[in-house]
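The values are calculated or read from the model by the stated rules, or taken from the named source; none is laboratory data. Here the structure is a predicted model, which is why all the values come from computation and not from measurement. Cβ sites come from the backbone with ideal geometry, for glycine too, and all protein chains shown count toward neighbours. Ligands, DNA and RNA are excluded from the accessible area calculation, which covers all protein heavy atoms including side chains. Shrake-Rupley method; radii C 1.70, N 1.55, O 1.52, S 1.80 Å.
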Amino acid sequence: MTENLIIFNVRVVTPLGFSARRGREMGELYILDEATVEVTRGLITYVGPNRGEQRDGYYQRYWHYNARGKCLLPGFVDSHTHFVFAGERAEEFSWRLKGESYMSIMERGGGIASTVKATRACNFIRLRAKAEDFLKQMSAQGITTVEGKSGYGLDRETELLQLRVMHSLNNDEHKRVDVVSTFLGAHAVPQEYAGRTDEYVDFIIREVLPSVTQNELAEFCDVFCEQGVFSIEQSRRLLLAARSQGLALKLHADEIVPLGGAGLAAELSAVSADHLLHASDADIRAMAEKGVVATLLPLTAFALKEPYARGREMIDAGCAVALATDLNPGSCFSGSIPLTFALACIYMNMSIEEAITALTLNGAAALNRADSIGSIEVGKKGDFAVLNTDNYYFLPYYVGTNCVNATIKEGVIYTI
């Protein structure tokens with residue numbers, strides 16, 4: 001569903017470009033006061049000085065929205081989530097409060113394995129309803145595009161079920177949020193393959209990947225490249241197989257220990273490498289040289305009480321940095337865009353302008369969509385977040401508080 005829309009008396013705040021912004025470019029925003037933005041059949045057709053609320057002729061076919069000087073930003077792009085699953089793990093949160101680590105909980109049969117059990121027992125209708133609730137919450141925070149990963153099936157049937165749920169949501173005529181699907185069958189080693197990780201990788205390549213690609217259920221393949229999960233060589237083998245079948249590449253890299261996943265992402269020219277809490281200086285430079293988007297997830301570091309990724313150093317090294325929430329049932333049961341802004345600015349030393357770029361244009365680049373979303377420019381989708389203020393500095397200032405007054409998806413207004 002799309003609309004024709006005129007937004008006038010607005011303060012446009014946006015990065016510019018049709019590719020990721022890198023290094024110091026991330027701090028450069030285009031700001032235009034007393035502006036008008038025109039959306040025709042869902043696409044931006046004009047950005048410039050106010051044209052006013054014109055009622056005659058052509059503009060009679062448009063809805064009119066008076067923003068009264070408030071900020072208009074590109075719709076936020078949450079480029080790393082796990083929002084399709086069954087079963088919460090609140091008890092594990094209490095275990096971590098008592099000192100247990102994320103990996104020790106996995107080793108005792110909790111963690112991802114717990115959610116896998118619940119998701120395998122869930123049907124399409126229940127799984128879709130829960131995921132749809134998350135999308136409504138995302139839309140209320142100004143998110144207009146989200147990436148979702150499978151990875152809570154770890155078998156052929158349930159992995160495909162998760163991806164079919166995302167495919168269904170993305171084809172809903174009345175959707176508020178575009179969904180980009182990622183196959184993450186290599187999220188953990190299922191219990192039935194315990195001690196046989198190489199065989200599980202063989203199973204994914206032989207039995208699951210062909211079904212994913214033949215049914216066009218995902219655009220990306222991801223892998224949890226981590227000590228005790230999937231090694232560098234196992235990750236490389238899976239990702240090369242995925243690329244040969246037409247999927248673009250992502251990695252969970254260097255989250256727990258400095259394994260070298262960021263370097264592998266550079267080697268394979270992956271679209272993004274995510275987490276990166278322990279990425280080395282050399283691998284950060286390699287990512288910058290290869291144009292791999294560094295997707296940072298400060299909510300996860302916050303929830304796990306881990307050191308934050310070195311966002312400032314990555315930007316200074318010339319990386320394109322994106323921010324995302326990592327909404328998931330275990331290590332980060334939060335999809336808070338406001339808190340993501342605050343943590344990025346306070347603990348990763350990113351400027352507010354850089355954080356805006358990271359959650360819009362660079363998030364779009366992390367999904368191969370910088371040519372169609374992520375900035376307010378003619379030809380892109382009419383996806384916007386309207387703030388309740390004319391001061392975008394409020395985004396991290398009101399820590400954890402939603403500053404979005406309305407979300408606009410392809411010209412359709414959703415008032416919060």
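Suppose we look only past 15 Å in the calculated P(r) of region 54-147. What percent of the Cα-Cα pairs does that tail hold? Working shown, then result.
Details: 3243 of 4371 pairs.
Distances greater than 15 Å cover 74 percent of the Cα pairs.
Judged by the gyration tensor of its Cα atoms, with axes a ≥ b ≥ c, region 87-235 is oblate; a/c meets the 1.5 cut and b/c is at least as large as a/b.
Figure the gain on full extension for Leu97 and Arg206 (residue separation times 0.36 nm, minus the Cα-Cα span) and round it to one decimal in nm. Mind dumping the intermediate values first?
Details: separation 109, 0.36 × 109 = 39.24 nm, distance 4.03 nm.
Extending this stretch completely gives an extra 35.2 nm.
Counting only Cα atoms, region 225-309 measures 38, 28, 20 Å along its principal axes, largest extent leading. Across every direction, the projection of the convex hull enclosing the Cα atoms of region 1-94 has a mean area of 10.2 nm².
Grab the Cα-Cα distance for Ala118 and Met1, subtract it from 0.36 nm times how many residues apart they are, and report the gain in nm with one decimal. Walk me through the numbers on the way to the answer.
Details: separation 117, 0.36 × 117 = 42.12 nm, distance 3.38 nm.
Stretched out fully, the Ala118 to Met1 stretch lengthens by 38.7 nm.
Give me the net charge of Phe83's neighbourhood, meaning all other residues with Cβ under 11 Å from the Cβ of Phe83; Lys, Arg count +1, Asp, Glu -1. Spell out each step's value before the answer.
Values: positive: Lys130, Lys149; negative: Asp78, Glu132, Asp133, Glu147, Asp326.
That works out to -3.
Label-to-label distance, Trp63 versus Leu43, with points set 7 angstrom from Cα along the beta-carbon direction: 2.0 nm. If you run the Gaussian network model on the chain, springs between alpha carbon atoms under 10 Å, then out of Met350, Met103, Met138 the most flexible one is Met103.
D by Stokes-Einstein for region 258-367, Kirkwood Rh over Cα pairs, 20 °C, 1.002 mPa s: 159 µm²/s. When the Gaussian network model of the chain links Cα atoms closer than 10 Å, the mean-square fluctuations of Ile31, Ile204, Ile143 top out at Ile31. Legend: Rg and Dmax of region 164-270, from Cα coordinates, 14.5, 45 Å.
Basic side chains Lys and Arg get +1 at the Cβ, acidic Asp and Glu get -1 at the Cβ, and with that the dipole of region 241-315 about its Cα centre reaches some 160 debye.
Largest first, what is the accessible-area ranking of Glu216, Glu233 with a 1.4 Å probe?
Values: Glu216 145, Glu233 105 Å².
Final ranking, largest accessible area leading: Glu216, Glu233.
Binning the alpha carbon pair distances of the chain at 20 angstrom intervals from zero yields the distribution 29, 58, 13, 0, expressed in whole percent. Region 368-416 has equivalent-ellipsoid semi-axes of 22, 13, 9 Å, by the square roots of 5 times the alpha carbon gyration tensor eigenvalues, sorted largest first.
Go ahead and estimate [θ] at 222 nm for the chain from helices alone: -39,500 (n - 2.57) per DSSP H run with n ≥ 4, summed, over the residue count, rounded to 500. Write down the numbers at each step before the final one.
Values: 16 runs with 138 residues, N = 416.
When only DSSP H runs of four or more count, the value is -9000 deg cm²/dmol.
For a straight C-alpha distance cut-off of 26 angstrom, the lysines reachable from Lys381 (same-chain residues fewer than eight places away being disregarded) are Lys70, Lys136, Lys149, Lys175, Lys250, Lys409.
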